[in-house]
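Asks: To start, I am sharing the structure in question, which I have written as structure tokens.
The values are calculated or read from the model by the stated rules, or taken from the named source; none is laboratory data. Owing to the predicted nature of the structure, the values given are computational and were not obtained by experimental measurement. Cβ coordinates were reconstructed from backbone atoms using ideal geometry, including for glycine residues, and neighbour counts include every protein chain displayed. Heavy atoms of the whole protein, side chains included, go into the accessibility calculation; ligands, DNA and RNA do not. Shrake-Rupley method; radii C 1.70, N 1.55, O 1.52, S 1.80 Å.
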Amino acid sequence: MTMIATAESGGIALNGISLTYNRKRSTVSALQGIELDLAPDDFVCVLGPSGCGKSSLLNIVAGYLEPTEGTVLINGNEHTEPNAQVGVVFQHANLFPWLNIAKNIEFGVKMAKLPRAERKRRVNFYLDLVGLGQAGALLPHQLSGGMKQRAAIARTLATEPRIVLMDEPFSALDALTRESMQMHLRRIWLQTRKCIFFITHDVDEALLLGRRILIMHPNPGRIVQDFVNPVFVPEGEFSFSDARGGQAFAELRALLISQIANGSGNGS
Amino acid sequence: MIAQRKPHRRGKEKGNAFYLGISGLSVLAALFLWWLAARNAWVNPLFLPSPSDVWAAFADIAKEGYKGSTLLAHIGASMRRIFIALAYIFVTAITLGILCGRVRWIRAIFDPFVEFYRPLPPLAYYSLLVLWFGIQDTSKIVLLFLSGFAPLFITAVHSSSSVPIDRINGAKSLGAKGWRLYVYVILPSCLPDLLTGLRTAVGVTYATLVAAEMIAAVSGIGWMVLDASKYLRSDIIYAAIIVMGIIAILIDTALRLLIRRVSPWVEH
């Protein structure tokens, strides 16, 4: 399967990332020798059994976790601490409960000390982008789970980061809401062409959304597959249920599930 | 025949008004018992003056004042001491408490002293405070400050150290750092807890008030109780205690309303 050629300028590069924990008698290798280049407009989905280190990898790219070895380069500069260049959307919306939705979205732009007019423009733009134009004055606890997660996505996008990391952002939602959120996210990506690094354990979700798919295996945590999603639809909206019914989709799903299961099976 | 039952939620079938009504009736019943006990002289009137005697005493001190000052002036003197102490407590306990909750070594500096003085009964060190700060209001305010500081400080430490890590990380990824992280994220996260802690602090300072006004005071609602007891004026003692109780309920209610207003997302 082919590798994506990465743009040297504006992209994200992970060079030789390793993460080891020292236990009493042994060292645990959570990640080993991760090499990865992401283009500035990529949509990368990361699949893998639990314990394969995908969340650790996200935490390292975000700057929350220091790797034992290796560097994260963003646009050529080393990224060591969390900042607004790398946006993060968590599994739970994680909004500030004391701020209304508009103010939550404004938070990052306010931290960036942008002028008032630009702040307002961004808030309105991103509220509309995620379809919450009417909900700006509501407090987070007044919103449904899906709306909260959309607000969280808008809040992250509003700072216009170079890359958005998403850690199973829809896994806590019910099936119907999840599908509508996936459609929202696809539309948002088509409009913004923002680099998205999306962790999921849902193979369908990865096949529907990802332009590029990574599969990770544990012990030690590493990338075992890195390929362009052959069933990816490059432009426009499409029916997710039709796509799921396609034969190529079904075969690929079965293949990926068996590959992921391989990883969780062999222990060494 | 099967009995018909209206569907209703178990447990919470009555409105608040119902329970308020029960509380009101319970108070009325107590007043009636009091009146009955005084009227039939079940108890020595020195221990239990009749409600009308207490009301007359209240009307008298409200109109004529007590020992040179009006009732309002006595209440004002007490409230002044309490509110000056609370203002200092609010600023210092919250600032120091949040810092101690977030930075381990700062906490290590202050912990031994707070833990040492916290369980001491305020009267144990009051005479020392009088030596240091004189017999005027300063020593009383310092005593109230010390008694109310510990509960709010401990609340602030606990609350700021348990702010969810995802919320802190998320804020950092939106560009918040340094003092802005404290002002815009940590402080508002702790605010509901801090106001609850303030309620505890108010209770403790209020309880210490009578002790504070025992030494060298000529004003204050607490002093009034102690002075009246010298002359066995139990009618005044009862009247003053009822006034103290009502003021405490008013302050607490105001704080509860404030909490609900600033943190509508917290279940009360």
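Asks: What total accessible surface area, summed over both chains, is buried at the interface between chains A and B, computed with a 1.4 Å probe and given in Å² to the nearest 100?
Replies: Roughly 1800 Å² of accessible surface disappears when A and B pair.
Asks: Okay, next question. Calculate how steeply helix A:116-129 sits against the longest principal axis of the alpha-carbon atoms of chain A, using the helix alpha-carbon long axis, and give the answer as 0 to 90 degrees to the nearest 10.
Replies: 60
Asks: What value, in deg cm²/dmol to 500, does the helix sum -39500 (n - 2.57) over DSSP H runs of n ≥ 4 give at 222 nm once divided by the residues of chain A?
Replies: -11500 deg cm²/dmol
Asks: Once both axes come from the Cα atoms, what is the angle between helix A:145-158 and the longest principal axis of chain A, in degrees from 0 to 90, rounded to 10?
Replies: Orientation of helix A:145-158: about 90 degrees from the principal axis.
Asks: Among A:His79, A:His141, A:His217, which one shows the biggest mean-square fluctuation in a GNM of chain A, springs joining Cα atoms closer than 10 Å?
Replies: Most flexible of the set in this elastic network: A:His141.
Asks: Of the accessible area of region A:184-268, with the probe set at 1.4 angstrom, what percent is carbon plus sulfur? Don't jump to the answer; show the numbers that get you there.
Replies: Details: 1870 of 3600 Å².
Taking all protein chains in place, region A:184-268 shows 52 percent carbon and sulfur surface.
Asks: Just the number please: accessible area per residue for the protein assembly as shown, 1.4 Å probe, all protein chains included, in Å².
Replies: Accessible area per residue: 52 Å².
Asks: Further question on the same structure: What residues qualify as long-range amide H neighbours of A:Val224, i.e. H under 5 Å apart, gap of 5 or more or another chain, H built at 1.01 Å from N?
Replies: A:Ile215, A:Met216, A:His217
Asks: Taking every DSSP beta bridge with both residues inside region A:119-229, roughly what % is antiparallel (nearest 5)?
Replies: Values: 6 of 11 bridges.
Just about 55 percent of them are antiparallel.
Asks: Averaged across the residues of A:92-99, what count of C-beta atoms belonging to other chains lies within 10 Å of each residue's C-beta?
Replies: Mean shielding by partner chains, rounded to a whole number: 5.
Asks: Also, quick follow-up: If I build a Gaussian network model for chain B, linking alpha-carbon pairs within less than 10 angstrom, which residue out of B:Lys230, B:Lys140, B:Lys67 has the largest mean-square fluctuation?
Replies: Maximum fluctuation in the GNM of chain B, among the listed residues, is at B:Lys230.
Asks: Does region A:155-268 classify as rounded, prolate or oblate by the C-alpha gyration tensor (a ≥ b ≥ c root eigenvalues; a/c under 1.5 gives rounded; else a/b over b/c gives prolate, otherwise oblate)?
Replies: The shape class here is oblate.
Asks: Let me ask another. Give me the distance between the Cα centres of region A:215-267 and region B:204-268, rounded to whole Å.
Replies: 68
Asks: What is the angle, in °, between the Cα long axis of helix A:101-111 and the longest principal axis of the Cα atoms in chain A? Nearest 10 is fine, range 0 to 90.
Replies: For helix A:101-111, the angle is close to 70 degrees.
Asks: Would you tell me the mean number of C-beta atoms belonging to other protein chains that fall within 10 Å of each C-beta in B:165-171, as a whole number?
Replies: 6
Asks: Continuing with this model, one more query. Size of the dipole of region A:86-160 about the Cα centre, Lys and Arg at +1 and Asp and Glu at -1 on the beta carbon, nothing else charged, in debye to 20?
Replies: That gives a dipole near 220 debye.
Asks: Something else now. If you project the alpha carbons of region B:123-243 onto the principal axes, what extent comes out on each, in Å, largest first?
Replies: Its Cα atoms span 67, 33, 19 Å along the three principal axes.
Asks: Which value in deg cm²/dmol, rounded to the nearest 500, describes the helix-derived mean residue ellipticity at 222 nm for chain B, given -39,500 (n - 2.57) per DSSP H run of n ≥ 4 and division by the residue count?
Replies: It comes out at -25000 deg cm²/dmol, rounded to the nearest 500.
Asks: So in the protein assembly as shown, what percent of DSSP beta bridges are antiparallel if you round to the nearest 5? Provide the component values of the computation, followed by the final result.
Replies: Numbers: 22 of 39 bridges.
Once the DSSP bridges in the protein assembly as shown are tallied, antiparallel ones form about 55 percent.
Asks: Taking square-rooted eigenvalues a ≥ b ≥ c of the alpha carbon gyration tensor, is chain B rounded, prolate or oblate, where a/c under 1.5 means rounded and, failing that, a/b exceeding b/c means prolate?
Replies: oblate
Asks: Further question on the same structure: Can you spot the lysines whose alpha carbon is less than 24 Å from A:Lys194's alpha carbon? Ignore those fewer than 8 places along the same chain.
Replies: A:Lys54, A:Lys103, A:Lys110, A:Lys113, A:Lys120, A:Lys148, B:Lys172
Asks: Then there is this: Relative to the Cα centre, what is the charge dipole magnitude of the protein assembly as shown, using +1 at the beta carbon of each Lys and Arg, -1 at the beta carbon of each Asp and Glu, and rounding to the nearest 20 debye?
Replies: Using only the charged Cβ atoms, the result is roughly 1120 debye.
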